[in-house]
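All remarks here apply to the structure that follows.
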Amino acid sequence: MTTYLEFEKPVAELQARIVDLRESAESGDVDISAEIEKLQTKADRQLRETYAKLTPWQRTQVARHPERPHFKDYVAGLIDDFMPLAGDRNFAEDAAIIGGLGRFRDRPVVVMGHEKGADTTSRLKHNFGMAKPEGYRKAIRLMKLADRFGLPVISFVDTAGAFPGIDAEERGQAEAIARSIQECLDLKVPMVAAVVGEGGSGGAVAIAAANRVLMFEHAIYSVISPEGCASILWRSADKAADAAEAMRVTAADLKRLGVIDRIVPEPLGGAHRDPKAAIAALGDAVAEELAALSQLSAEAVLEQRRRKFLEIGG
């Protein structure tokens, strides 16, 4: 069963009626297939009209939808022979960021990303995708490995932000994030990052300072969550919708500002309604970007990435 968001209530009501009619059709002799088809057409039209005029806050809700594909889904759908590599060789393993080696469409790559978890148990295990310093130091280790063996890097960004706990601060959270960003910028191999859900603060940028930054149509990317921004500016999280509007968190806004390079369309109603199609579309976009970047020399890859970020806001 699809989890419907608050603004999808009209669609949810139509789908509920369709389900009821289908159950009646199975238990009765009356042919109501025409009525079901009519309602389904109406529901599809309602969904299309709703998603054509989403506000930034509504897109934020879609980006956080619990049924959107997660890192493990992208690996399962796009990466062959995935071999996870654990630990930062310094303190511990952090399950909020997963990474390793694999093959993307017959090309050896290093792949990494945030994993939020799909149910209560896995969400606790992966700390809701909020990494601690050891997670970012693991990402640094993976990127150094990629550089050493000449492997392109693909990263999937989906986090509300880095973990803000005392233990993370004690182990140098800000330093770990800064060094991870530096490692992204210093890579001599192509790097493609994809914001697939939430791209929150430095916790997202730490593995997204790439040659090409892709973003799903209904993903968000911002320096702070709308609720966090609202609590600072208006002293109330109730103003989150206003904050989302002001911060320009949507893919269209960020593409116009030059923060991201490409918007990847999602299936009607969001990636959670057709994960396979969404994953395939993202895979095609990543393949195109890697193919273009593979034509560049190591020096050109490095220069292109640095110039890209220096020009943001220019």
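The values are calculated or read from the model by the stated rules, or taken from the named source; none is laboratory data. Fair warning: this is a prediction, and the values are worked out from it, not measured in the lab. In this analysis, Cβ positions are derived from the backbone assuming ideal geometry, glycine residues included, and neighbour counts consider all displayed protein chains.
Which of the residues that make up the range 205-220 are touching a Ser or Thr at 6+ places or on another chain (Cβ under 9 Å), in contact (Cβ under 8 Å) with a residue 60 or more places away in the chain and closer than 24 Å to residue 292 by Cβ?
207, 209, 210, 219
So residue 310 passes all but one of these: (1) over 27 Å from residue 55 (Cα atoms); (2) among the hydrophobic types (A, V, I, L, M, F, W, C); (3) touching a residue at least 12 places away in the same chain (Cβ under 8 Å). Which condition number does it fail?
All conditions are met except number (3).
Residue 149 is checked against (1) of a type in the set (Phe, Trp, Tyr); (2) touching a residue at least 60 places away in the same chain (Cβ under 8 Å); (3) under 25 Å from residue 283 (Cβ atoms) and fails just one. What number does that condition carry?
Exception for residue 149: condition (2).
What pairs come out if I take residues in the range 122-144 that are closer than 21 Å to residue 185 by Cα and pair them with residues that are surrounded by fewer than 24 Cβ atoms within 10 Å (Cβ to Cβ) and hydroxyl-bearing (Ser, Thr, Tyr) whose C-beta lies under 6 Å away, six or more apart or interchain?
Matching pairs, first to second residue: none at all.
Pull up the range 225-235, narrow it to residues that are touching a helix residue (DSSP H, G or I) at 6+ places or on another chain (Cβ under 6 Å) and of a type outside the set (Asp, Glu), then point me to the one that is surrounded by the fewest Cβ atoms within 10 Å (Cβ to Cβ).
Going through the qualifying residues, I end up with 231.
Here is a check on your reading of the model: is residue 48 farther than 30 Å from residue 248 by Cα, basic (Lys, Arg) and surrounded by fewer than 17 Cβ atoms within 10 Å (Cβ to Cβ)?
no
Only residues that are assigned to a loop (DSSP other than H, G, I, E, B) and closer than 17 Å to residue 157 by Cβ: list them for the range 63-105, please.
At the first step, the residues of the range 63-105 found to be assigned to a loop (DSSP other than H, G, I, E, B) are 64-70, 85-96, 105.
Hits for the range 63-105 are 64, 65, 68, 69, 70, 94, 95, 96.
Looking for whichever is in contact with a Cys (Cβ under 8 Å, 6 or more places away or on another chain) and among the hydrophobic types (A, V, I, L, M, F, W, C) here; the options are 204, 208. Which one fits? Full working, then the answer.
Values: 204 fails: in contact with a Cys (Cβ under 8 Å, 6 or more places away or on another chain).
Among 204, 208, only 208 is in contact with a Cys (Cβ under 8 Å, 6 or more places away or on another chain) and among the hydrophobic types (A, V, I, L, M, F, W, C).
Here is a list: 119, 80, 106. Which entry is surrounded by fewer than 20 Cβ atoms within 10 Å (Cβ to Cβ) and at pLDDT 95 or above?
Values: 119 fails: at pLDDT 95 or above; 106 fails: at pLDDT 95 or above.
Residue meeting the stated conditions: 80.
Here is a yes/no grid of residues against (1) crowded, with 24+ Cβ neighbours inside 10 Å; (2) outside any loop (DSSP other than H, G, I, E, B):
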| residue | (1), (2) |
| --- | --- |
| 174 | no, yes |
| 178 | no, yes |
| 181 | no, yes |
| 188 | no, no |
| 193 | yes, yes |
| 196 | yes, yes |
| 199 | yes, yes |
| 203 | yes, yes |
| 207 | yes, no |
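Each row is one residue, and each column tells you yes or no for (1) in the same structural domain as residue 74 (by TED's automatic domain parsing); (2) within 22 Å of residue 146 (Cα to Cα); (3) not in a loop (DSSP other than H, G, I, E, B).
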site: 232; (1), (2), (3): yes, no, yes
site: 243; (1), (2), (3): yes, no, yes
site: 255; (1), (2), (3): yes, no, yes
site: 269; (1), (2), (3): yes, no, no
site: 290; (1), (2), (3): yes, yes, yes
site: 304; (1), (2), (3): yes, yes, yes
site: 307; (1), (2), (3): yes, yes, yes
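Would you mention how many residues in the range 277-314 are touching an Asp or Glu at 6+ places or on another chain (Cβ under 9 Å), closer than 30 Å to residue 66 by Cα and not aliphatic (A, V, I, L, M)?
1
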